[in-house]
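Undergrad: Input: one structure, supplied below.
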Amino acid sequence: LDLTWADNMFGDGAEPFRDLVLAIPEFATAYRNRMREIRDLLFNAEQVGWLVDETAAHVYQAGQPSLVDADRAMWDYNPILTSSCVNPDKAGHGRFYAGGGGIPATGSFAGMMQLMRDYAITRGNWIDASILTDSNLVPNRPTVTYTGDAGFAVNQLSFTTSGYSSPVGSAFAAMEWRIAEISNPTTPGFDLNSEWIYEIDPVVETGPQSSFSSTFTPTGAGLSEGHTYRARVRMQDASGRWSHWSDPLEFVASSAVAVPSLAITELHYNPFNPSVSDPSDLEFIELRNIGSSPIDLTGIRLADFSSTPYVFSGGARLAAGEFIVVASNPAVFRSVYGEAINLAAGAFSGSLSNGGETVGLYTSTGVLIVSVSYDDEGGWPTAADGDGPSLEIIDPTHDANDPGNWRASYTVGGSPGASGDLPGDYDRNGTVDQLDYALWRAQFGTRVVLAGSLADGNADGVVDSADYTVWRDNLGNALPSEPAPLAAVAPAVAIATDGESTGDSPVSVSPASSSAVLVDKGDLPRAGAGTSSRMPVSPTRTAWRLAAGNENEWLLLAQDLVGRSADRASQLPTPRRGKLAAVDEALSGFEIDIESDWKEIVVDWRMEWA
C-alpha cells in the first residue's frame with residue numbers, strides 16, 4: 001500500500017537520527033537552506049501540480065475512456081465487495097475514490113489528482129511553520145529585473161538584482177544566480193513526446209560568489225532558441241543562511257544576435273609603476289579579434305565603467321587574431337611600453353575601479369558583444385590589484401565572467417598587444433611539460449578558429465608537427481610562480497663576461513652586499529671558470545622583466561634558472577625575453593636570489609663549474 005499521499009498519518013517530522021544531526025548548528029543551517037530551496041523550486045503548488053499532471057497523463061485524459069476507468073470498474077464494482085467476505089465498514093461499491101473538501105463525495109480520478117495537489121499546499125505550509133523556523137533571520141528575498149535585449153536573444157541576456165539586506169543586520173557573505181528550463185504542454189514549442197522539465201534542474205548556475213555584483217550576464221551557453229527559462233538569484237549572510245530564491249523571471253529565448261568576434265582579453269585596472277607620476281595613467285583595456293575575418297571597429301563602444309563610452313573612430317580595423325589596446329593616457333603608455341603596440345586612437349575617459357566593476361563592449365547599435373564584471377576578490381586574481389600585474393584572460397573563447405578563466409599577468413605591467421602565454425604551454429598552466437605533449441597529440445590535425453589557441457604553437461591555424469617542435473624546444477620552461485617585478489631602469493651588472501669564462505684554478509670571493517641604487521658591472525667581481533661568488537641576503541625567488549635593453553640583463557637569468565637543480569644546469573632553456581650574458585655549458589650549478597624595494601637591488605648569487 002502506497003501511503004505517500006495519504007493525509008491521515010502525518011508526523012511532526014521527528015526522527016531520532018535526524019534530530020541528533022540537526023542538534024549541530026551547522027547541519028541545521030544547511031538542512032534549512034536546502035529545504036528552503038526545494039520549497040522554492042520543486043515542492044510547491046505549481047511544480048507538484050505539474051508532476052501530478054505529467055504522471056496522470058500516462059493513464060488518464062479527461063473526458064476520454066482510459067485504463068483508469070477500466071481499473072475502477074474492475075475493483076469498485078466487483079461483486080465480491082458486496083459479499084460476506086468483505087467488511088462493509090471497510091469497502092463497498094462506489095467507494096474507490098474519496099471525496100471531501102472541494103472534491104465531490106462520489107470522488108473521481110480528477111478528484112484524487114486534486115487531493116495530491118492540495119497536499120503539496122498543506123504540507124508545504126507545515127514545512128514553512130515547523131522546519132523553516134529561521135525565516136525571520138535569513139536575508140530578505142531579492143528581486144530580479146531584466147535589463148538585456150528586448151527579444152531575449154540568447155547571447156544578449158542580462159539581469160539585475162536588488163541589493164542585499166538582512167532583517168537582523170547580518171553582513172553579506174555570498175550570492176548565487178541560476179537559470180533553469182521549464183517545459184510542459186503550456187510552454188511554447190513543447191514536444192508532446194518529451195518528458196516535462198522542472199525548475200529544480202539548472203541549466204546555468206554561477207555557484208556561490210563571495211562579492212556582490214548586481215548584474216548577471218550569462219554567455220548563452222546551454223540555452224536554446226524557443227525554449228522557456230527562469231532566472232533567479234539568492235543571497236547568503238555571514239552566518240551561512242541563504243535567502244529564498246527570488247521570484248522567477250520567466251522568458252522565452254530567441255536566436256542569438258550576430259556580433260563581431262571580439263573579446264576583452266586584458267585589463268590593467270590598478271597599475272603599479274614608480275617611474276610615472278600617476279600610475280593610473282597606465283590603465284588599459286586590451287581587445288582581440290578571436291574570429292577568422294577582419295573586423296571593422298567603427299562605432300564599437302567600450303562602456304559601463306565610465307559615464308562617457310569610448311568609441312572607436314572610423315576606419316579602425318582589426319585583423320583575425322590581432323590585438324588592440326585602448327589606453328587611459330596614450331602618451332604615458334607609449335613612454336613605458338614603446339611604439340610597437342597596436343594602440344587605439346584617443347583615450348578612454350575616467351578610470352577603471354580598483355575594487356572591480358563591469359566593462360562592456362557594444363556594437364555601434366548598442367548590442368552587447370561581451371562584458372566582464374571583474375573584481376579584486378571572490379576568486380579573482382588579487383595580484384592584479386595594485387601589485388603590478390594586469391588581469392589576463394586564459395581562454396578568450398570561454399566565459400569572460402568566470403574568475404577561474406583569468407590570471408594575474410606573469411610580468412608586472414602585463415602583456416599589452418600579446419597573449420602573455422608561454423610557448424609550448426598548450427594547457428596554459430604555466431609549465432611546458434608532458435601534459436602539453438598529450439594535448440598536442442590529442443589535437444593533432446585540428447584546425448583552430450583562433451590562431452595560436454589550443455595546441456597551435458606556431459599560430460598558423462592548424463595543430464601539426466611544427467607545433468611539436470615548439471613544445472620540444474620549450475620543454476621544461478615554466479613561468480614564475482609569482483609575477484615578475486618591472487624594473488624602472490635596467491641595471492648594468494655582469495655575472496659572466498660575454499663568452500669569456502676562462503680560468504683553471506678555483507677561487508672564492510665573498511664581497512659585501514651592494515646597496516647602490518644601480519650597480520655597475522665594475523662594482524662586482526667577474527666570475528670566471530671555477531669561481532664561486534656570493535653576496536648573502538634573505539633568499540627570495542623572483543624574476544624580472546626589464547624596461548630597457550642591455551647586453552648584461554643578467555637579472556633575466558632568474559626567470560628560468562632560480563630553483564633549478566644543478567644536474568639540469570647544462571639543459572637550462574633560453575628565457576623568454578632579453579639577451580643573456582654567456583654561461584659556460586660545463587656549468588653545474590647556478591643560484592641567484594634577488595630583492596628589491598624599487599630603490600635598491602640586493603643580489604645573492606653563486607656560480608659553480610664542474
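Undergrad: Give me the one-decimal nm value for the distance between modelled label points at VAL21 and GLN114, 7 Å along each residue's Cα-to-Cβ direction.
TA: 3.7
Undergrad: Cut-off is 10 Å between beta-carbons; in what order do TRP380, TRP196 appear when sorted fewest neighbours first? It would help to have the intermediate numbers written out before the result.
TA: Working: TRP380 21, TRP196 17.
In order of increasing Cβ crowding within 10 Å: TRP196, TRP380.
Undergrad: Provide the gained length on full extension for the span ALA238 to ARG34, in nm with one decimal, where the gain is 0.36 nm per separating residue minus the Cα-Cα distance.
TA: Values: separation 204, 0.36 × 204 = 73.44 nm, distance 1.70 nm.
Going from the current span to full extension adds 71.7 nm.
Undergrad: Roughly how many debye, to the nearest 20, is the charge dipole of region 42-110 about its Cα centre, given +1 on each Lys and Arg Cβ, -1 on each Asp and Glu Cβ, and no other charges?
TA: Computed charge dipole of region 42-110: roughly 260 debye.
Undergrad: Between ASN458 and SER313, what FRET efficiency follows from the Cβ-Cβ distance if R0 is 30 Å, with the result rounded to 0.05?
TA: 0.35
Undergrad: While we're on this one: Report the calculated FRET efficiency for ASP427 and ASP89 (r = Cβ-Cβ distance, R0 = 60 Å), to the nearest 0.05.
TA: It comes out at approximately 0.20.
Undergrad: Between SER135 and GLU54, what is the FRET efficiency for a Förster distance of 30 Å, r being their Cβ-Cβ separation, to the nearest 0.05?
TA: Efficiency, from the Cβ-Cβ distance: 0.45.
Undergrad: Any idea how far apart SER364 and SER349 come out in nm if each label point goes 7 Å out from Cα toward Cβ?
TA: For SER364 paired with SER349, the spin-label model returns 2.1 nm.
Undergrad: Counting Lys +1, Arg +1, Asp -1, Glu -1, what net charge surrounds ALA45 among other residues with beta carbon under 10 Å of its beta carbon?
TA: Numbers: positive: ARG117; negative: GLU46, ASP118.
With Lys, Arg at +1 and Asp, Glu at -1, the neighbours total -1.
Undergrad: Once the other residues with Cβ under 15 Å from the Cβ of SER335 are scored (Lys, Arg +1; Asp, Glu -1), what is the net sum?
TA: In short, -3.
Undergrad: Further question on the same structure: What trypsin sites (Lys or Arg not before Pro) in region 90-187 are in a loop by DSSP, with at most 16 other Cβ atoms within 10 Å of the Cβ?
TA: Passing sites in region 90-187 are LYS90, ARG95.
Undergrad: Same structure again: Compute the distance in nm between two label points, each set 7 Å from the Cα along the Cα-to-Cβ direction, one at VAL449 and one at SER292.
TA: 1.0
Undergrad: Shape call for region 311-377 from the C-alpha gyration tensor, a ≥ b ≥ c root eigenvalues: rounded (a/c under 1.5), prolate (a/b greater than b/c) or oblate?
TA: Cα axes put region 311-377 in the oblate bin.
Undergrad: What ranking do GLU15, GLU266 get, fewest neighbouring Cβ atoms within 10 angstrom at the top? Write down the numbers at each step before the final one.
TA: On the way: GLU15 11, GLU266 27.
Fewest-to-most ranking of GLU15, GLU266: GLU15, GLU266.
Undergrad: Also: Rounded, prolate or oblate: pick one for region 247-362, where a ≥ b ≥ c are the square roots of the eigenvalues of its C-alpha gyration tensor, a/c under 1.5 means rounded, and failing that, prolate if a/b is larger than b/c, else oblate. Could the numbers behind the result be given before it?
TA: Details: a/c = 2.36, a/b = 1.39, b/c = 1.69.
Oblate shape, in that a/c is at least 1.5 and b/c is the bigger or equal ratio.
Undergrad: Any chance you could run the full-extension gain for SER275 through SER210? It's 0.36 nm times the residue separation minus the Cα-Cα distance, nm to one decimal.
TA: 19.9 nm
Undergrad: Within the set of other residues whose C-beta is less than 15 Å from the C-beta of ASN140, count the net charge using Lys and Arg as +1 and Asp and Glu as -1.
TA: Neighbourhood net charge equals +1.
Undergrad: Follow-up question, since we're still on this one. What residues of region 244-258 lie in the reach of a label at GLU225, counting those whose backbone N is under 11 Å from a point 7 Å from the Cα along Cα→Cβ?
TA: 254-258
Quick note: the coordinates plus some simple rules give every number you see, no bench work behind them. Note that the structure is predicted; figures quoted are calculated from it, not measured. Cβ sites come from the backbone with ideal geometry, for glycine too, and all protein chains shown count toward neighbours.
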